[in-house]
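Peer 1: Structure provided below as structure tokens; questions to follow.
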Amino acid sequence: MIELKKALLDLLTNRVLICALFAWIFAQLLKIFTSPKYRQGMSLLRFVVGSGGMPSSHAATVCATAFSCGILYGYDSAIFAVASILAVVVMRDAAGIRREAGKQAEVINQISEELNKKKKKPTFEDTLKVLLGHTPLQVLCGALLGVMMAFFCQHWLFLKIYP
């Protein structure tokens, strides 16, 4: 039981994890002000936990993780190297594969809409989610936000909490 309490306390006080979570939350909240989708009637909860938009919360989270590791363990550490490589993979995926999947979903939705117009009973009732990936600018802004959050958390916030 004591080991479980210690493990839970370690998890809840993990500086890298907390910083990454702050970066994700901040990026998701910024999307409220930068996206026309929210202003078009999408629910706040669905919008805030969804993917896509400006800035990339994926990029913010992985960059905050990588740079927090660099600050805490050194930029020459293995953990920083692993976190940085994973960050590059995630950001490349967000701006590449997932963005292309979103474009394909948009075309498929248009095709199914046209097919449904021609029939009395709709063949395709569900629409595919289009906002899956990010533009390179959205990923860049998310990455910069993540780096700033890492420095803010590790050099200011946690010094106030853990003197």
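Peer 1: Any chance you could run the full-extension gain for Lys117 through Leu140? It's 0.36 nm times the residue separation minus the Cα-Cα distance, nm to one decimal.
Peer 2: Details: separation 23, 0.36 × 23 = 8.28 nm, distance 4.00 nm.
My answer for the length gained is 4.3 nm.
Peer 1: Now a separate question. Which order do peptides 83-90, 21-28, 8-15 fall in by mean Cβ count within 10 Å, highest first? It would help to have the intermediate numbers written out before the result.
Peer 2: On the way: 83-90: 16.4, 21-28: 20.4, 8-15: 11.5.
Per-residue Cβ counts within 10 Å, averaged per peptide and sorted highest first, yield 21-28, 83-90, 8-15.
Peer 1: Going by C-beta contacts inside 10 Å, put Lys5, Lys31 in order with the fewest on the left.
Peer 2: Numbers: Lys5 9, Lys31 21.
Going from sparsest to densest Cβ surroundings: Lys5, Lys31.
Bear in mind that the values in this text are calculations on the coordinates, not laboratory data. In this text, all values refer to a predicted model and were calculated from it rather than measured experimentally. No Cβ is skipped: glycine too gets one built from the backbone with ideal geometry, and neighbour counts run over all protein chains shown.
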